[in-house]
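So the structure is just underneath, and the comments pick up after that.
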Amino acid sequence: MRRLRTPACAAVFALWASAASAGPPFLTDDPEPTEPGHWEIYGPYATTDGRGPERSGEVGVELNYGLAPDVQFTLGLPAAYDRDAAGTRWGAGDLEASLKVRVYENKAAGVQVAVFPAVTLPTARPGLGAGRVTASLPVWVQKDAGPWSLFGGGGLAINPGPGNRNYWSGGIALARQFGSGVQIGVEADRQGADTAGGSGTTMLGLGAIVHVAGPLRLLASGGPTFSDAGGPAGYHGYAALGWDF
């Protein structure tokens, strides 16, 4: 599961599986749904995205449930923050609901494909969210080979509102499993301009998952963000406690 993007980011399993698995903590998502009748929870999680002393992000919980074979329901429950020269503001964030449906799987070839439509509801405190309903329509593909996993894809984001524009976003990532306790990966993500006259961004990242004990694992990722408009590089980061049952 792709983790939830903050307004500024909108520019994001089983650790002991024999093949490397995708999803959090990477911005790039994967096509692998949660097993039917099982939960995957990322919480608390925290994100940050900014440039210099100005930044915004979320702190919250992401719930993933296996509704049926090849079908996962995801609900994000964030609090949002924004920090600039005027100070720091906190409040409720936008709620995001999504449904991952794996439409193709070839276990012999290690290939999976899924669609993952999502809708974001304007539940945030004014100034900390989109202020209206938004949506995304991505497709994700994954290829596993032993301890390696290559995954990526993307799609169209629906971003209504004065001065806003729809945009395309996507990414690609390569991850490797080391034994039963550690996974490390690198990624590159791209987002088009989300406002009229705005600039697209490119994000590079390094992510890791470390098995702690039982169903618990620690997840973290981060890296630089580059704007097409130039200027100093920004940054993005993610950290979470993951557990499943």
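I need a count of the residues in segment 97-121 that are part of a loop (DSSP other than H, G, I, E, B) and loosely packed, with under 14 Cβ neighbours inside 10 Å. Before the answer, list the steps.
Taking segment 97-121 and keeping what is part of a loop (DSSP other than H, G, I, E, B), we get 107-110, 116-117.
Okay, now just the ones that are also loosely packed, with under 14 Cβ neighbours inside 10 Å, so 107-109.
Total meeting the criteria: 3.
Out of curiosity, is Lys107 under 18 Å from Thr34 (Cβ atoms) and of a type in the set (Lys, Arg)?
Considered against the rule, which asks whether it is under 18 Å from Thr34 (Cβ atoms) and of a type in the set (Lys, Arg), Lys107 comes out as yes.
Identify, from the list Pro126, Pro138, the residue that is out of contact with any helix residue (DSSP H, G or I) (no Cβ under 8 Å at 6 or more places or on another chain) and part of a strand (DSSP E or B). Let's see the steps before the verdict.
Numbers: Pro126 fails: part of a strand (DSSP E or B).
Just one listed residue meets the conditions, Pro138.
Within segment 69-81, take every residue that is out of contact with any Gly (no Cβ under 9 Å at 6 or more places or on another chain) and not β-branched (Val, Ile, Thr) and give me the one that is nearest to Pro25 (Cα to Cα).
Only one residue tops the list, namely Leu75.
Which condition number in (1) within 19 Å of Phe26 (Cβ to Cβ); (2) crowded, with 17+ Cβ neighbours inside 10 Å is the one that Asn164 fails?
Among (1) within 19 Å of Phe26 (Cβ to Cβ); (2) crowded, with 17+ Cβ neighbours inside 10 Å, the lone unmet condition for Asn164 is (1).
Where residues in segment 124-138 are of a type outside the set (Gly, Ala, Ser) and surrounded by 15 or more Cβ atoms within 10 Å (Cβ to Cβ), which of them is farthest from Pro24 (Cα to Cα)?
Among those residues, the one meeting the criterion is Arg125.
Identify, please: which residue in segment 86-96 is of a type outside the set (Val, Ile, Thr) and either in contact with a helix residue (DSSP H, G or I) (Cβ under 9 Å, 6 or more places away or on another chain) or assigned to a strand (DSSP E or B) (or both) and is, among those, surrounded by the most Cβ atoms within 10 Å (Cβ to Cβ)?
Glu96
Every number in this text was worked out from the coordinates using simple rules, so none of it is lab data. Being a predicted model, the structure only gives us computed values, none of them experimental. Please note: Cβ atoms are built from the backbone with ideal geometry, for glycine as well, and neighbour counts cover all protein chains shown.
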